[in-house]
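Worksheet: the structure to be examined is printed underneath.
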Amino acid sequence: MYPAACSFWNSTNTSLEDSRASRIVWVLEVLELDYEVKTYARDRNMLAPKELKKLWPIGLFPLLQVFKQGLSESETVAESGHIVSYLARNYDHKKQLVTKTPEDTELADYYLHFAEGSLQPHLVSMLVNRIAVQSVYWPVSVLVGAVTLQMNSKYYGARLKSALEFLDSQLEKKGGGYFVGDSLTVADLILDFPINQNIFGTGPVGGAGRELNAIQAYPHLYKWHQLTTSLPSHIRAMAREKTEVAKL
């Protein structure tokens, strides 16, 4: 373990696996950093607790607080993509996530933005639609369900399929493996939550993967899922999450 102390603030509903912040735990494990995880339960409206605004004005998860030797105040880092990039740039002491060419560096950076800009919003929208149906009583829920089904089918679901087809084709072109080069990079780390946990796992929108028949529809992406979730660092991260959730 390197002597870099990181306190990681995360939000959870029933488990850390239900939060996009869970992939940050994986990054911390990959980089072998000393860290602690602080979990907070969402309120009944699925929002972060108001107390989080004391840590960051916007009051959204995830947050990373870094405590550096010689400094009296910690440094707070927000936004998933920024946190992943920050940790890789400043704490990758063993150069585990370093890309080999300038082109690979640009591609890895692209995936950081793609995951949060072109992929994640559609998953979030589908989750919001699901919550909308669950938030109203029958028979209104039937009408809301019919409306959200059409929204998902004609827009959010269609855009999600397009994004997944793109990812699958990119892996096919390079013969499988990791998204950039021949080793783990920030691209794989940032895609952990939307793909591993939501499309092939049991995350908040886990049903989307089953509805899309994802294993058969995106075989190269599924092999990536098997590859990354079998890594020791990923296994340790998932185990750490379960330990933290058990403390709630």
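Exceedance of the 19 Å cut-off in Cα-Cα distance is limited, within the set LYS53/LYS242; LYS173/LYS223; LYS174/LYS223; LYS100/LYS174, to LYS53/LYS242. For region 102-231, with equal point scatterers placed on the C-alpha atoms only and solvent neglected, what are the log10 I(q)/I(0) values from the Debye formula at q = 0.12, 0.13, 0.16 1/Å, to two decimals? These q points yield log10 I(q)/I(0) values of -0.48, -0.55, -0.78.
Scoring 97-105, 132-140 by mean Cβ neighbours within 10 Å over their residues and listing the highest first yields 97-105, 132-140.
Between LYS174 and HIS82, the distance separating the two model label sites (each 7 Å from Cα on the Cα→Cβ line) works out to 2.7 nm.
Ranked highest first by average number of other Cβ atoms within 10 Å, how do 60-69, 225-234 line up?
60-69, 225-234
Listed peptides 114-124, 23-33, 166-176 appear in the order 23-33, 114-124, 166-176 once ranked by packing, highest mean of other Cβ atoms within 10 Å at the front.
What length, rounded to one decimal in nm, is gained on full extension from LYS95 through to GLN134, with 0.36 nm per residue of separation minus their alpha-carbon distance?
9.5 nm
Phi angles across region 57-73 convert, under the Karplus curve 6.51 cos²θ - 1.76 cosθ + 1.60 with θ = phi - 60°, into 3J(HN,Hα) values of x, 6, x, 10, 9, x, 10, 10, 10, 10, 9, 9, 4, x, 10, 7, 10 Hz, Gly and Pro given as x.
Coordinate-derived values only; no laboratory data. Small disclaimer: the values here were computed from a predicted structure and weren't measured. Positions of Cβ are generated from backbone atoms using ideal geometry, with glycine treated the same way; all protein chains shown enter the neighbour counts.
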